[in-house]
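Worksheet: the structure to be examined is printed underneath.
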Amino acid sequence: MTAAVLAAVLGTVLAGCSSTGGKRAEERAAREAAAGGRAAVNTPKWTFAMVTHSGDGDTFWDIVQSGAKQAAVKDNIRFLYAHNEEGKEQSQLVQSYIDQKVDGLIVTLAKPDAMKAVVKKARKAGIPVITVNSGSEESKAFGALTHVGQDETIAGEAVGDELNKRGRKKALCVLHEQGNVGHEQRCDGAAKTFDGKMEKIYVEGTNMPDVQSSIEAKLQSDKGIDTVLTLGAPFADTAAKAADQAGSKAEIDTFDLNAKVAAALQDGTLGFAVDQQPYLQGYEAVDLLWLNRYNADVLGGGRPVLTGPQIITKDDAAELASYTKRGTR
């Protein structure tokens, strides 16, 4: 591979660290795919596998995969994906890829205790590992090259600050996946900086009717709640329906962004969203693994490569709507 090609690839990675550069990288990658999906490099066709804690039907991970697959095309990578929301099963999926002798692994650490041993097994087998989305605090200790995502505590603190700006007094934080340390960090971070009162409610995230009824019942029993904070984009719409059924005027805010959330921000159904740029998480994870395999590069200097948080309001939603519709934001 020529130095010019390497420089171009490195430029793409570094551009992804800024909002303008990230958009240009996405658009350039999209043009390459439209031109036939040809690789931009002549390195071997390495196999990278991503294993996440996603439940079935979670559209957030569709966006992560979209970014990962686009980078895989550019980097001449065979990309594999598997998921399970249970920590034990997720670790077993990782072990299966270790047994297949993949060339790189991307994993989430939502349930870090269940993943610690298998990540160390991967490293012992000589397989480079990058953690993504969840697990920024555990990533380095487990032996990963770096972590790509947002710091969940910092993201939560940003929410608390935003709620203060909006004059909110009592918020309900809806946790849809018990045992997910990142979700706890979001709620706890928000409570830390929020001047009002923050309560938690645990719901079964795979059962949307149950989610709606649980939120609705809470809003009916406590008229003082003026904010509902959901921890994933698919749950924002459900929370809005619950508030409507309960006759509550509570503002609905959410973590994560998709086309529905962008539209709801524009029409005022939602107050704000916290974007962690999932497309960028998938794209950069694959690209950084490729750079490590090819050139022993490591980004972050022992610290996470942050993709968020970014507070998105009605003023921002129109600009991002086209990106959410194509599945890259």
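The values are calculated or read from the model by the stated rules, or taken from the named source; none is laboratory data. Here the structure is a predicted model, which means the values were calculated and not measured. Neighbour counts run over all protein chains shown; Cβ positions are idealised from the backbone, glycine included. Side chains included, ligands, DNA and RNA excluded: accessible areas come from the protein's heavy atoms. Shrake-Rupley method; radii C 1.70, N 1.55, O 1.52, S 1.80 Å.
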(message) Accessible area of region 66-199 with a 1.4 Å probe: how many percent of it is carbon plus sulfur?
(response) 45
(request) Report, by chain and number, residues whose modeled amide H sits under 5 Å from the one on L270, excluding near sequence neighbours (fewer than 5 apart, same chain). (result) L265
(message) Per-residue counts of other Cβ atoms within 10 Å, averaged by peptide: what ranking do you get for 75-82, 230-237, highest first?
(response) 230-237, 75-82
(message) Checking the table K165/K192; K69/K200; K169/K192; K218/K241; K218/K249; K200/K223 against a 25 Å threshold on Cα-Cα, which pairs fail?
(response) K69/K200
(request) Sum -39500 (n - 2.57) across every DSSP H segment of at least 4 residues in the chain, then divide by the residue count to get the 222 nm mean residue ellipticity, nearest 500. (result) -16000 deg cm²/dmol
(request) Putting +1 on Lys and Arg Cβ atoms and -1 on Asp and Glu Cβ atoms, find which of G247, F60, G156 reaches farthest to the positive end of the dipole of the chain. (result) F60
(message) I need the peptides 284-292, 203-211 ranked by packing, meaning the mean over residues of other C-beta atoms within 10 angstrom, with the highest value on top.
(response) 284-292, 203-211
(message) Below 18 Å, Cα to Cα, which aspartates and glutamates can K120 reach? Residues fewer than 8 away in the same chain don't count.
(response) E89, D99, D103, E137, E138
(message) Treating only the Cβ of Lys, Arg, Asp and Glu as charged (+1, +1, -1, -1), what charge dipole size does the chain show about its Cα centre? Round to the nearest 20 debye.
(response) 900
(message) What number comes out for accessible area per residue over region 40-153 if the probe is 1.4 Å? Units Å², please.
(response) 39
(request) Would you rank K218, K111 by solvent-accessible area, highest first, keeping every protein chain in place and using a 1.4 Å probe? (result) K218, K111
